[in-house]
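What follows draws every value from the coordinates through simple rules; no lab data is involved. Only a predicted model underlies this, so the values are computations on that prediction, with no experimental measurement involved. Because the Cβ atoms are built from the backbone with ideal geometry, glycine has one as well, and the counts that use them run over all protein chains shown.
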Amino acid sequence: MLAEEASLTPAAFPLMAEPATREAREVAVWTAALRRGDDSAWREFHSAYWPRLFRYHLVLSRGNEAAAQEAAHQTFLRAVRHIREFASEAVLWGWLTALARSVAVDEIRRQTRQRSLLDQFFHRESPANGAPQVDADERLLALLEAHLAALPDAERTLIERKYLAGESVRDLAASLATTETAVDSRLVRARHQLRQSVLAALRHD
């Protein structure tokens, strides 16, 4: 993450003006330089668009500053990977906001997969009061991720492909050149091992 990002909060730039509109030819030359990996062009790009993207993500995240900062950083990483030449600044900004929305959607999907994974392993009922549930989810998820990382590579990958990536047992069996029954058996054993290790950690706490 660029060093200056850490100090940028909404309070730091509530009235910061939008970048001056660039002529179409200037935008084309500028974005061509970005495509070539020109360091000075990227520094200028970051200076011009980081505050706008931070504010954009602040709205998408409903005021969560930490989430907005991380999402803006992820948006810039995607821009670095996929930048192309643009004919106008309006089109460039439209492309950046599309990247920003994609980052936000991916984060929602990640959180949904995590919640689904927790439900798969612990079969919990949602309580009426949401606050304790949030704390419990965070603790369970931290333990689940730690113990998932400790599984043998083959079992961890199988769990991730099934419950995080959402692959079907049929597709897993085909890619592993085995039967669906064999995959189901491996999943049962891996789930049991993971669940028991997490529960043991909770009892130890």
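Based on the Cβ-Cβ distance of ALA67 and ARG43, what FRET efficiency does E = 1/(1 + (r/R0)^6) give at R0 = 25 Å, to the nearest 0.05?
On the way: r = 25 Å, r/R0 = 1.00.
Plugging the Cβ-Cβ distance into 1/(1 + (r/R0)^6) gives 0.50.
Could you give the length gained on full extension between ARG84 and ALA201, defined as 0.36 nm per residue of separation minus the Cα-Cα distance, in nm? Show your work: numbers first, answer last.
Numbers: separation 117, 0.36 × 117 = 42.12 nm, distance 4.89 nm.
Difference between extended and current length: 37.2 nm.
Please give the FRET efficiency for VAL59 paired with ASP106, using the beta carbon to beta carbon distance and R0 = 22 Å, rounded to the nearest 0.05.
On the way: r = 17 Å, r/R0 = 0.78.
It comes to 0.80.
Over the Cα atoms of the stretch 162-205, each weighted equally, I'd like the Debye log10 I(q)/I(0) at q = 0.23, 0.29, 0.31 Å⁻¹, rounded to two decimals.
The Debye formula, applied to the Cα set alone, gives -0.77, -0.97, -1.03.
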